[in-house]
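Heads up: the structure comes next, in structure tokens.
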Amino acid sequence: MNANCVPRPVTPPLWLLAELTYKCPLHCVFCYNPLNYAQDSRELTTAQWVDVMQQARKLGAAQLGFSGGEPLQRSDLEELVEEGSRLGYYTNLITSGIGLTEPRIARMKEAGLDHIQLSFQDSTKEMNDFLSSTKTFDLKMRVANLIKQYDYPMVLNVVLHRHNLDHVGRIIQMADDLGVEYLELANTQYYGWGLVNRAQLLPDREQLVRAEAVVNEYREKFGHKMRIFFVVPDYFETRPKACMNGWASVFLGVAPDGSALPCHAAKTLPGIEFPNVTEHSLHHIWYDSEAFNKYRGDAWMKEPCRSCPDKDKDFGGCRCQALALTGDASNADPVCDKSAFHQTLQDIVADAQSNTIAPTEKPIVFRTDANSRALGGLAAKAD
């Protein structure tokens, strides 16, 4: 082994993300769920999810997120929340709000749910409903009021991109009107449907600069009244993010069918057989499985990552992004300006700057079952 490649001890997972279902009433153009989700409708049973939560708690996981798809599509969500609370997790519901009625939020409050993160697509009804291909803005407003009524911290998430970055001031003002305490403005990460729609979603640099200036103005204005997080898209950086704080370092995701994943988008990586919780214990999956050990440490790294002094900070960046932009998941993340593929990324950003691709040339693809089956079929042929 190269002297620069030192194995790191495997520490327990801290965060369990239970992706209960891929079903969702929204059809968002930036959804990170698998393109071919409609081809596999398998979902773990209530008893199987309870077993997963119990095993992960024994491993050391302290935070439990319920997501999807839309987790409210599961009729057993309240039962799972109650079990998570009983086990001692800090529980978090990540939701579009669709399906969160007053009886359900009351039951989840009683069951011990700690936290709700609500998503909007924009501050206007027209753009919110367009981006999700639904008529849900008014419903989301009612859900936001329910969250406040039941004394939850008001946490709002809005995914940003070319179509709503210039609305960021109005989005923050809407958040203030709703009594939001934590606002996450997360620029689109280009995986899944976001990658499919990248040509229509990627902003230009001037948009980002303007939006960040507006965010900073509101931060100064609000002080501690509202915490505003502005997550810049990697494509405009010169150093990659420490994706998931390193592969299989703190995050353990379980997909609806029971596949265990070290990051949300890991299923996009070819040639890796991700273990299933119905066949293996979480202890084996976390510590011993080939998939979870594949990109741990630095022995897998190529140059320039292998000898880079920052490899213990950024862990080589994102494996899914490296695959999407270079065709090889073991390459350095092209966000890094040391990468041989950094120019590829700069060319993509330059195309967005010139905005040369018309919607008629490459239209937006909404997340629907029909589009999922079509894109899944294309992926299968490509493989």
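The values are calculated or read from the model by the stated rules, or taken from the named source; none is laboratory data. Being a predicted model, the structure only gives us computed values, none of them experimental. For neighbour counting, all protein chains shown are included, and Cβ atoms are generated from backbone atoms with ideal geometry for every residue, glycine included. Heavy atoms of the whole protein, side chains included, go into the accessibility calculation; ligands, DNA and RNA do not. Shrake-Rupley method; radii C 1.70, N 1.55, O 1.52, S 1.80 Å.
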Query raised in the report: Just going by the charge dipole of segment 1-104, with Lys and Arg at +1 and Asp and Glu at -1 on Cβ, which of Gln73, Thr11, Ala56 is farthest out on the positive end?
Result: Thr11
Report summary line: For segment 131-232, shape from the Cα gyration tensor axes a ≥ b ≥ c, cut at a/c of 1.5 then a/b versus b/c, turns out oblate
Query raised in the report: Among the trypsin sites (Lys or Arg not before Pro) within segment 110-159, which fall in a DSSP loop and have no more than 13 other Cβ atoms within 10 Å of their own Cβ?
Result: Lys135
Query raised in the report: Given only helices, namely DSSP H runs of n ≥ 4 each adding -39500 (n - 2.57), what is the per-residue ellipticity at 222 nm of the chain, to the nearest 500 deg cm²/dmol?
Result: -10500 deg cm²/dmol
Report task. For an R0 of 45 angstrom, estimate the FRET efficiency from the Cβ-Cβ distance between Glu102 and Asp328 and round to the nearest 0.05. Result -> 0.35
Report summary line: Computed for segment 194-279: size of charge dipole around the Cα centre, +1 on C-beta of each Lys and Arg, -1 on C-beta of each Asp and Glu, debye to nearest 20, value 360 debye
Query - Spin-label pair Asp310/Asn216, simplified geometry with 7 Å Cα→Cβ offset, distance in nm - result: 2.0 nm
Report task. Would you work out what percent of the accessible area of the chain, with all protein chains in place, is carbon or sulfur (probe 1.4 Å)? Result -> 52 percent
Report summary line: Ala291 neighbourhood, Cβ < 12 Å, K/R = +1, D/E = -1, net charge +1
Requested in this report: Sketch the reach of a paramagnetic label on Ser133 as a point 7 Å from Cα along Cα-to-Cβ, and name the residues of segment 179-211 whose backbone nitrogen lies under 17 Å away.
Outcome: 192-201
Query raised in the report: Which is farthest toward the positive dipole end of the chain among Val196, Ala47, Gly297, measuring Cα position about the Cα centre, with Cβ charges +1 (Lys, Arg) and -1 (Asp, Glu)?
Result: Gly297
Query raised in the report: The list (1) 37.6; (2) 18.7; (3) 22.9 gives values of mean projected area of the Cα convex hull in nm², and only one came from this structure; which label was calculated from it?
Result: (2)
Report summary line: Taking 0.36 nm per residue of separation between Asn145 and Leu14 and subtracting their Cα-Cα distance, the length gained on full extension comes to 44.1 nm
Query raised in the report: Got a sec? What order do Met127, Met53 fall in by accessible area at 1.4 Å, biggest, i.e. largest, first?
Result: Met127, Met53
Query raised in the report: With springs only between Cα atoms under 10 Å, which of Met141, Met154, Met301 fluctuates most in a Gaussian network model of the chain?
Result: Met141
Query - Average accessible area per residue (Å²) across the chain - probe 1.4 Å, nucleic acids and ligands excluded - result: 44 Å²
